[in-house]
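**Student:** Got a structure for you, questions after.
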Ligand code: HEM
């Protein structure tokens, strides 16, 4: 296997790179989904092209997620098992923040499987599970900020901000177009929910991973604090300070 041929430092780079790629692709998929395939398409962009783009971007996100999980589990630096990647909050390495990654993974897998089997599971089940997409994205973002070594690195923060802006703009567009009287309460509630999650996540990030000493507070096993592993190689440590 490829993961067996690379060393811990390379695995760590791969985990970080593939995690960021998975988040960016997930963002693109969510934006395409929110924009509603039918409404985004037009004469210059036929519906099947937009639908195909949405599907392929989602599948590519799953491919990068697969690399992300395989490299994180294979890296001997942190004690992360295959079980930790699908069963939330049971691991010993940053259990809460890694658990959010497992939760996002479960939601994403449910989304992809029901989409591939859409005609078998029926429209109502597919639609109900698809609502999970809205939760999967902020949970994945939360996991990335809480678990990642690069949350305090400038260009990585730019990626987080751009991903958040893309989702917020498409949500704002979605919530403000084609109003009908019966929609008002539902959309106001949705807008309030989005505002609350955005403010909450920002406040948490400012107090948590963006401040020094997060590695310890995040639940990194004591023997790994200090970053004295073969993974340590850049201005950031594997535990992210
Ligand atoms: C939809 C699901 C997921 C997404 C989108 C995602 C994305 C990310 C992102 C963006 C980061 C930050 C990378 C950085 O700071 O450079 C990260 C970190 C990390 N993720 Fe995930 N992740 C997901 C699920 C998982 C799962 C299930 C695992 C368990 C194996 C996992 C393990 C890790 C680890 C160990 C790190 C820290 C890497 C480091 O040292 O920086 N992730 N993830």
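**Student:** Please report Rg (one decimal) and Dmax (integer) in Å for the Cα set of segment 142-201.
**Tutor:** Cα only, segment 142-201: 14.8, 47 Å (Rg, Dmax).
**Student:** Can you give the alpha-carbon Rg of the chain over 2.2 N^0.38 Å, where N counts its residues?
**Tutor:** 1.07
**Student:** Divide the volume of the convex hull of the Cα atoms of segment 56-181 by its number of residues and quote the answer in cubic angstrom per residue.
**Tutor:** 142 Å³
**Student:** Once both axes come from the Cα atoms, what is the angle between helix 154-176 and the longest principal axis of the chain, in degrees from 0 to 90, rounded to 10?
**Tutor:** 20 degrees
**Student:** Sticking with this one: In nm, give the distance between the simple-model label positions of residue 191 and residue 168, each being 7 Å from the Cα along the Cα-to-Cβ direction.
**Tutor:** Reported label-point gap for residue 191 and residue 168 is 1.5 nm.
**Student:** Now, a different point. From the helices alone, meaning DSSP H stretches of at least four residues, give me the mean residue ellipticity at 222 nm for the chain, per-run term -39500 (n - 2.57), in deg cm²/dmol to the nearest 500.
**Tutor:** So the helix-based figure for the chain works out to -22000 deg cm²/dmol.
**Student:** Please give the helix 184-207 orientation as an angle from the longest Cα principal axis of the chain, in degrees from 0 to 90, rounded to the nearest 10.
**Tutor:** The helix 184-207 is inclined about 10 degrees to the chain.
**Student:** For the modelled label position 7 Å from the Cα of residue 211 along Cα-to-Cβ, which residues of segment 92-125 have backbone nitrogen atoms closer than 19 Å?
**Tutor:** 96-97
**Student:** For residue 120 and residue 49, what does the FRET efficiency come to when R0 = 22 Å and r is the distance between their Cβ atoms, rounded to the nearest 0.05?
**Tutor:** For R0 = 22 Å, the calculated efficiency reads 0.30.
**Student:** Mind running the shape call on segment 93-163? Use the C-alpha gyration tensor, a ≥ b ≥ c as the square roots of the eigenvalues: rounded below 1.5 for a/c, prolate if a/b tops b/c, oblate otherwise.
**Tutor:** prolate
**Student:** Classify segment 73-117: rounded, prolate or oblate, from the alpha-carbon gyration tensor (a ≥ b ≥ c, eigenvalue square roots; a/c under 1.5 rounded; otherwise prolate if a/b is larger than b/c)?
**Tutor:** prolate
**Student:** Additional query: Once both axes come from the Cα atoms, what is the angle between helix 8-34 and the longest principal axis of the chain, in degrees from 0 to 90, rounded to 10?
**Tutor:** 10 degrees
**Student:** When a footprinting reagent is the concern and you count Cβ atoms within 10 Å, what order do 9, 216 take, fewest first?
**Tutor:** Ranking 9, 216 by Cβ neighbours within 10 Å, fewest first, gives 216, 9.
Where a number appears in this text, it was derived from the coordinates with a stated rule and is not lab data. Computed from a predicted model, the values in this text were never measured in an experiment. All Cβ positions, glycine included, derive from the backbone under ideal geometry; neighbour counts span all protein chains shown.
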